[in-house]
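Read through the structure below, which is laid out as structure tokens, and then see the notes.
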Amino acid sequence: MRVAVIGAGTAGPAAALYLVRQGHHVDIFERVQDPRPVGAGILLQPTGQRALAELGLLNGVVGRAARIDGLYGQNLRGRRVIELAYKDLDPRLCGYGVHRGSVFSALFGALSPAGVHVHPGVEVSHVDADGHVTIGGARHRYDLVIVADGARSHLRPPWSRVRPYPWGALWYVTEDAAMASSNQLSQVYKDTRKFIGFLPSGERVGHPGVRTTSVFWSIRADAVDAWRAAGTSAWVDDMRRLKPDLPVDGVEEAVFAPYFSVRTRPACQGRVAWLGDSAHAMSPQLGQGANLALWDAWLLAEGLREGGADGVPGALAAFSRSRRAHVDFYQFFSWLLTPFFQSSLPLLAPVRDLVAGPFHAWGWYRRQMAETLCGVKTGVFSRIELP
């Protein structure tokens with residue numbers, strides 16, 4: 001088949017690699033002229049690890065990553081709010097804190113050697129359900145079109161629902177050695193309006209041996225201009241009220257990341273499929289964005305493995321149905337949990353602190369939360385079985 005992939009973030013290159021290895025001709029279009037590894041750390045979960053392993057790329061990514069054994073969050077008084085551990089599900093499991101750029105480099109760097117035709121600096125203006133892709137006024141026919149151009153996609157179908165969250169995060173990367181050696185994602189909360197998070201993120205791309213930590217600070221989107229006007233020293237003072245020993249190297253390069261809630265159902269139309277954040281962006285409270293994107297790409301390729309061009313619409317419809325429970329679970333719980341950690345509703349914080357902490361003494365609860373953390377939940381009583 002002739003396949004067009006739009007977007008060279010995470011889902012797009014992964015899907016391109018899966019499909020070219022099945023013998024298809026794959027073109028990938030990226031509007032950025034010179035795609036480069038950028039971004040803060042992400043938490044690579046067992047689902048994302050499995051998808052990268054299928055491509056033979058996991059070892060290279062893990063070699064530059066930091067092992068994460070769990071997540072610990074506390075309020076400003078030192079009271080435990082969250083304590084999640086992979087070992088509560090399986091002692092063989094763990095997460096990996098890794099720069100988004102490391103995952104990008106592994107995927108993007110494998111495209112051309114695998115035979116994917118990479119077209120940077122190309123803007124796709126329209127896609128049609130029959131497989132036509134419009135570039136610069138010219139229409140090109142493909143047997144399959146994969147749209148994976150992120151949360152800000154302009155190529156979604158009209159039934160998509162897109163809602164910006166009022167909150168987002170400022171992030172920067174620090175090279176503090178003590179923090180980078182931790183094996184957990186840690187967070188500190190002051191009610192629901194302020195929190196700071198630290199994710200050991202492994203090596204910087206292009207800087208072997210330099211271990212880093214990604215720092216995240218909660219902020220309202222409409223407060224970003226005031227933050228810029230106040231300057232970084234005022235921001236550092238604010239952060240140090242939550243984390244007195246906060247490392248600040250890298251703080252001058254802080255970037256604001258907005259959050260979006262995106263729901264595209266079905267995530268297909270005719271010969272077109274939407275993957276990753278273009279189909280189901282969500283608040284990053286559960287840290288699943290890149291992992292869901294990788295899982296999308298793998299399952300889509302598996303669904304197409306046995307069919308030819310004539311069976312594409314049916315295979316895409318089956319893929320969209322198969323992803324529904326998994327995506328719905330994480331979108332629902334992201335929506336449910338976000339106000340307790342990032343909102344203008346500080347009265348939710350005492351409820352969060354009084355209820356969540358004591359629940360960790362309950363073994364069943366710890367296991368359910370570990371399954372949620374690993375990215376395998378498809379419902380309250382169902383999950384994906386990892387080998």
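What follows draws every value from the coordinates through simple rules; no lab data is involved. The structure displayed is predicted, hence computed values, not measured ones. Glycine also receives a Cβ, built like all others from the backbone with ideal geometry; neighbour counts cover every protein chain displayed.
Relative to the longest principal axis of the chain, what angle (0 to 90°, nearest 10) does the C-alpha long axis of helix 363-374 take? Result, in degrees: 50. Adding -39500 (n - 2.57) for every DSSP H run of four residues or longer, then dividing by how many residues the chain holds, sets the calculated 222 nm ellipticity at -10500 deg cm²/dmol. Set the Förster radius R0 to 25 Å, insert the Cβ-Cβ distance between Val210 and Thr232 as r into 1/(1 + (r/R0)^6), and round the FRET efficiency to 0.05. After rounding to 0.05, the efficiency reads 0.70. For the chain, modelled as a GNM whose springs connect Cα atoms under 10 angstrom apart, the maximal fluctuation among Ala223, Ala53, Ala315 occurs at Ala223. Taken as Cα centroids, the range 107-123 and the range 199-217 sit 26 Å apart, rounded to the nearest whole angstrom. At q = 0.16 Å⁻¹ the log10 of I(q)/I(0) for the range 55-201 amounts to -1.10, computed by Debye summation with a single uniform scatterer per C-alpha, solvent ignored. Counting other Cβ atoms within 10 Å as a rough exposure proxy, the listed residues Trp274, Trp167 run Trp167, Trp274 from fewest neighbours to most. Neighbour counting of Cβ atoms within 10 Å sorts the residues Cys374, Cys268, fewest neighbours leading, into Cys374, Cys268. Is the range 207-269 best put as rounded, prolate or oblate by its Cα gyration tensor, with a ≥ b ≥ c the root eigenvalues, rounded for a/c under 1.5, and otherwise prolate when a/b is larger than b/c, oblate when not? Oblate shape, in that a/c is at least 1.5 and b/c is the bigger or equal ratio. Across the range 68-85, rounded Karplus estimates of 3J(HN,Hα) from the backbone phi angles (6.51 cos²θ - 1.76 cosθ + 1.60, θ = phi - 60°) give 10, 9, x, 10, 10, x, 9, 8, 5, 8, x, 7, 5, 10, 9, 8, 10, 9 Hz, Gly and Pro being marked x.
Relative to the longest principal axis of the Cα atoms of the chain, the long axis of helix 100-114 makes an angle of roughly 20 degrees. Take the chain and mark each of the GluC sites (Glu not before Pro) that is in a DSSP loop with at most 14 other Cβ atoms within 10 Å; the longest unmarked stretch, sites excluded, is 124-305.
Annotation for the range 229-283 versus the range 354-387: alpha-carbon center distance of 25 Å. In whole percent, what relative contact order does the chain give with Cα contacts below 8 Å and a gap of six or more residues? After rounding, I find 22 percent.
Between helix 11-20 and the chain there is an angle of about 40 degrees, using the helix long axis and the longest principal axis of the Cα atoms.
Can you bin the range 118-218 into rounded, prolate or oblate? Criterion: square roots of the alpha carbon gyration tensor eigenvalues sorted a ≥ b ≥ c, rounded for a/c under 1.5, prolate for a/b above b/c, oblate for the rest. Oblate. FRET efficiency for the Ala309 to Asn59 pair, using the beta carbon distance and R₀ = 25 Å, is estimated at 0.15.
Rounded, prolate or oblate, given the Cα gyration tensor of the range 102-170, with a/c below 1.5 counting as rounded? Since a/c reaches 1.5 but b/c is at least a/b, the shape of the range 102-170 is classed as oblate.
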